[in-house]
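Visitor: Below is the structure I would like to discuss, written out as structure tokens.
The values are calculated or read from the model by the stated rules, or taken from the named source; none is laboratory data. Note that the structure is a prediction, hence the values are computed from the model and not measured. We place every Cβ from the backbone using ideal geometry, glycine too, and count neighbours over all the protein chains shown. Note: areas computed on protein heavy atoms with side chains; ligands, DNA, RNA excluded. Shrake-Rupley method; radii C 1.70, N 1.55, O 1.52, S 1.80 Å.
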Amino acid sequence: MSENPEYIDKMAIDRLANEAGLAVSIIDSSAEEISLSNNNSICQNLNPKSGFSADCAKYCGAAFEKATKSGKVLRFQCHAGLECRAVPFRSGERPLVAVVGRTFINSEKYRNATERAISGDWRDYPANEFFENVLLSGSATILDQTVREFKVLASSAAAATDKVLDPDTESAEKAIDTAKPDISTLVESSKNEPKLEKPVDAAAWRSFFGTILNVTYAEAAASILEFINERYGFQALIWLEKRGTTLKSMAAFGEMTNRMIKIGVEADDERLMKAFADDKPLELDERRKQTSAGQPRKMTLFPIGVPGEVSAALAVLDPIENEEHKDQIVGICRSAAPQLEILRLRNEVARGDTLATAVRRFSQSLKRIDNDDLWLTVTQNAAEMLRAERSSLLVYDEKSSEFQIKAILGIDLPPRTDEEIGGRVAKFVFSKKRAIAVADISKIGLLPDAANRSYKTQSFLSCPISVGGRTIGVMNFADRAGGEAFDKASLELFEAIAPQLAVAIDRASLKEKAGEFEQL
């Protein structure tokens, strides 16, 4: 790829691409890119060298011929699910085509891309590089607006509007006027397209949401709460995240900071889904005693997500008297949703890469195990993976119908003889063939183990071990390093190494039985 400033105002195009959050590629008659601005990292990885890969050649590679032949702006979606516009124009006597976009305009396409990166045909690409600069505008409106702005640049560079091939191109003066969008152009069109109360220029609005992709999901949620506070002065804000089917508090602002709150609405509640589809908030009466003024408090819930699925919600406990403010916050939530989905799915890709690494590490550790200390070493390796200071491995003996302790870590005291081994938790996990991760044992009605064992935390993880549908034992973990609670991620990590762990344990059991038969 080469860049020729004689034909292109590169700095102006770079500025346009960065402000819009889109890619702009200039392609010449040889079907080569002579300029690239803010390229999508997916495209960059699929085409690491000059020219286009076989798949991309069918789309961006063919854009010059198709667009110049039609003389109009062409819309297309490539094999990667990226939305693009091919814009024909001239620089002097030289025909060129600008491919504008290379963006996902809905999170479903981006979700498909993450699945291909985790377990599909893109799994060999490094996840950190592949998703370094993913573009997701969330709106065809932004894309079409950027095309109009690009035409202005092309017209100015050509010094005459008739140099732009699209016959319906407006004059440069008129196009410049239309290239100054208000905030409503930055979100999907709707019956009540929201506008903020205070004037905000398009670049500033895009810049605010552009920064979301540079932080974690939790940090992004907190920054949106701060934005709402600065904009409207609300002092009681909560960010709720979907976990399973439940919406749970993840971040808060103002008087709700460090306070737990429960709402009686599931993420798939019909009322919430309808409010989401209608671009409306859901109002709920708070389940608490009346305030000192004698009036029940209300919560206004703004759902956030992708079509057909609510993944989060913004809760405002301040009274919202102005209906226009509600519409504006709906617009903010809708325009932020694509970026938040990117963060969520990017985390899934990273977690998938982490799990794959963990499986490889665990596999290598099993190869180095000495048969004489297999039980203990397997338990140690699993505990290290889960950062647990205490762990135990119980294998079920079919003859006695009882558990046998094969290994135990972090506990100096021997098991008590007056209680059944595994009777408190492991027996339940074994019979139900279902792992459990408990953040606080006191919250589930289960009495703590003997006080003299001096557990550091109230959290534990207990997982069944199965081979070919046959459950052979249970592994328990406690006292996670740093005092953290075991969570869904801990469970996913164990499940990633469980198949290899189960095979190793099953083989050890068979070898042990073989030794018993040999002695007989």
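Visitor: Distance from a point 7 Å along Cα→Cβ of residue 57 to each backbone N in the range 19-41: keep the residues under 13 Å and list them by number.
Guide: 31-32
Visitor: What's the carbon and sulfur percent of the range 1-126's accessible surface, probe 1.4 angstrom, rounded to a whole number?
Guide: With neighbouring chains kept in place, the figure for the range 1-126 is 46 percent.
Visitor: Moving to a separate point now. For labels at residue 507 and residue 11 in the simple 7 Å Cα→Cβ model, what's the distance in nm?
Guide: The modelled label-to-label distance comes out at 6.5 nm.
Visitor: What distance in nm separates the two pseudo spin-label positions at residue 133 and residue 491, each 7 Å out from Cα along the beta-carbon direction?
Guide: Inter-label distance under the simple model: 3.9 nm.
Visitor: As a test of reading the structure, rank 83, 19 by solvent-accessible area (1.4 Å probe, protein chains only), most first.
Guide: I get 19, 83, largest accessible area first.
Visitor: Averaging sequence separations of C-alpha pairs under 8 Å and six or more residues apart, then dividing by the length of the range 1-156, give the relative contact order as a whole percent.
Guide: Values: 269 pairs, mean separation 38.6, N = 156.
Result for the range 1-156 is 25 percent.
Visitor: What accessible surface, in Å², does a 1.4 Å probe find on residue 271, ignoring ligands, DNA and RNA and rounding to the nearest 10?
Guide: Taking all protein chains as shown, residue 271 has close to 120 Å².
Visitor: In nm, to one decimal, how far is the modelled label at residue 69 from the one at residue 280, with both set 7 Å along Cα→Cβ?
Guide: 5.0
Visitor: List the extent of the Cα atoms of the range 456-502 along each of their three principal axes, largest first, rounded to whole Å.
Guide: Projected onto its principal axes, the Cα set of the range 456-502 covers 35, 16, 13 Å.
Visitor: Classify the range 1-95 as rounded, prolate or oblate, taking a ≥ b ≥ c as the square roots of the eigenvalues of its Cα gyration tensor: rounded when a/c is under 1.5, otherwise prolate if a/b is larger than b/c and oblate if not.
Guide: Note, shape of the range 1-95 comes out rounded.
Visitor: Within the range 459-483, what residues put their amide N at less than 19 Å from the label point 7 Å along the Cα-to-Cβ vector of residue 400?
Guide: 472-476, by backbone N distance to the label point.
Visitor: Output the pairs from 49/488; 151/242; 10/66; 248/406; 406/456; 49/69 with a Cα-Cα distance over 32 Å in this structure; if there are none, say none.
Guide: Distance filter (> 32 Å) returns 49/488; 151/242; 248/406.
Visitor: Sticking with this one: With every protein chain in place, what's the accessible area of residue 124 (1.4 Å probe, Å², nearest 10)?
Guide: Counting only protein heavy atoms, the figure is 140 Å².
Visitor: No solvent, one uniform scatterer per C-alpha: report log10 I(q)/I(0) for the range 39-124 via the Debye equation at q = 0.12, 0.14, 0.26 1/Å, two decimals.
Guide: So the normalised log intensities work out to -0.39, -0.52, -1.35.
Visitor: Using only the heavy atoms of the protein chains and a 1.4 Å probe, how would 457, 245 rank by accessible area, largest first?
Guide: 245, 457
Visitor: Give, as ranges by residue number, the residues of the range 215-249 whose backbone N falls under 17 Å from the point 7 Å along Cα→Cβ of residue 348.
Guide: Within reach of a label on residue 348, which here means backbone N under 17 Å from a point 7 Å along Cα→Cβ, the range 215-249 contributes 217-218, 241-246.
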